[in-house]
Amino acid sequence: MQIRGVVSSLAVACLALGPLAFGCDDGGGDAEPPRFDAAVVDGGSDGGGGAGGGSGETEDRLRLSYTRRIQARDGSPAVVDMMVYDFEDNEEYNLTGGEGVVDCVTKICRLNADMTWIGWLEPDPASGGFQLRVAPVDVVRKVVLTDQVRQVDNGVNDFRFTTYQGVPEEGEEPRVVELIVYSKGQAQDIDDDIDVRASPVAEPDAEACADGAGLPDCPSFVGAINTNGGFRVTQFGSLLILIETTLSTMTVKFNNVATGAQSTIFVFGQAMMTGSQFDGRQPIGFAPDASYLAVFTRDELVWRLNVLDARPNAPEPEVHPLFELESNPDGDCFRQMPYNFNEVRFDPVFSSDSEWIYFLARGDCSRSQANETPTNRDDFDILRINRDLGGPVENVTGNLRANHWSNHEIGDFDLSPDGTKLVFTAPRPNQATDRAIWLIDPETGAYDCSRGESLPVLDGRERCEFIASDLNDAEVVLRDLNFHTVQVPVD
């Protein structure tokens, strides 16, 4: 099994011990500043779920997960399931349908990176919040092992999966444990903290945990955030991003989930000021090569992309101004494409080599009265920019600006690990309440028409749905797209 992202021992030591550790620097000295470097190594997993095979030869399969919501037009309760498409088999299947065990309706259900675990939140009458539950997935038989469901915790607000990779000793393989990171508790006011906790997804050893063992083997507290803060997991499972906010600042930290050590990366804004628009839900992502973070901020009524060195006490980030907010008194929509938007949505997505940062932009510029021919749709496009911010912002989807379905109202998107496939959700032609999945080549913008017929267009560019559902008596919405690389036994 190929495990990506083992954090170097020097970086972990610097994160745990701080700049006083030998070979570490706080960014102000002459020593070479430590980075959170990544490597690619071969190793096995002792924390996976229902892989479904023995110890024989395996192969990687590319799969796409998404949730499907079916709302009958007669008003009966909606049905929401986790769906999976296998690119090798050209097969779409329902992972959670029929059993009634996995709750994708109430709030959230998610799969981990290699699709061996599923987690979900369901109502918790005792706390008034939600119970976090997990179950292993058999990736060969394509089923959830519902007889192995376990409750991780209650009073949970949100969760993410990640993979902990221990730093191997020379000649040894790294230890790999699947973790789930989640926020727990309710803040009464802006200054109250919300716990961030982590736990192995597999049932922990109760005796070892009773003796005081911590992560990655036993559940543990890993940090706290305030009401407007947030957390992000990384593919480097030993590192967690914590975001703390005040009225005028946003502090980005790394937390070592194994040691509990924290290191401040950067503080945006200025303390003791007012009127900040920082928020822990703003788009933030950690590059696959572990060298930088992409942080989108909306301070001073302007959206900006900040590329920030991934090391303690990082220097000032490289900054690329994008577009004005809708509330900017200087006005918006006056810059040329692709800068005439006013919002960035969702966390960024990176190319596997970390060279490109992809993000979803939204705006109402085509609706604006300042536009000579206003449309009836908001503007949505997936944009990208090189990591050094030296080149222009490129428009990947290149949507039309017209009163037409091909002016896609994009819901969410993801990029395949090899960078050759980009998927997004958008309304179906002439069925605005239904959403389909569309697949394009991010380099050329060409739509994949292998699973759908070419649709009427205005500009001669062939467009085709990739995954869609035809139900006359119900609305069907596909969302929450995620690519997965799954290991299955070789036939």
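The values are calculated or read from the model by the stated rules, or taken from the named source; none is laboratory data. In this text, all values refer to a predicted model and were calculated from it rather than measured experimentally. Don't worry about glycine lacking a Cβ; one is built from the backbone with ideal geometry, like all the others, and counts go over all protein chains shown.
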task: Sort through 453, 475, 462 and tell me the only one that's assigned to a loop (DSSP other than H, G, I, E, B) and either touching a residue at least 12 places away in the same chain (Cβ under 8 Å) or aromatic (Phe, Trp, Tyr) (or both).
output: 462
- request: Kindly list, by first and then second residue, each pair from a residue in the range 207-234 that is touching a residue at least 24 places away in the same chain (Cβ under 8 Å) to a residue that is assigned to a strand (DSSP E or B) and among the basic types (Lys, Arg), limited to pairs with Cβ atoms under 8 Å and residues at least 6 apart or on different chains.
  value: 219/197; 220/197; 221/197; 222/197; 223/253; 231/160; 232/160; 233/160
- request: Of the numbered conditions (1) under 22 Å from the mean Cα position of the chain (by Cα); (2) buried (at least 19 other Cβ atoms within 10 Å of the Cβ); (3) among the charged types (D, E, K, R), residue 195 fails exactly one; give the number of that condition.
  value: (2)
message: Condition check: over 20 Å from residue 270 (Cβ atoms), of a type outside the set (S, T, N, Q) and surrounded by 17 or more Cβ atoms within 10 Å (Cβ to Cβ). Does residue 387 satisfy that?
response: yes
- line: Expected single match for basic (Lys, Arg), modelled with pLDDT of 90 or more and touching a strand residue (DSSP E or B) at 6+ places or on another chain (Cβ under 9 Å) among 298, 311 is 311
statement: Scanning the range 155-183 residue by residue, those surrounded by 16 or more Cβ atoms within 10 Å (Cβ to Cβ), without any contact (Cβ under 8 Å) to a residue 40 or more places away in the chain and at negative phi turn out to be 156, 157
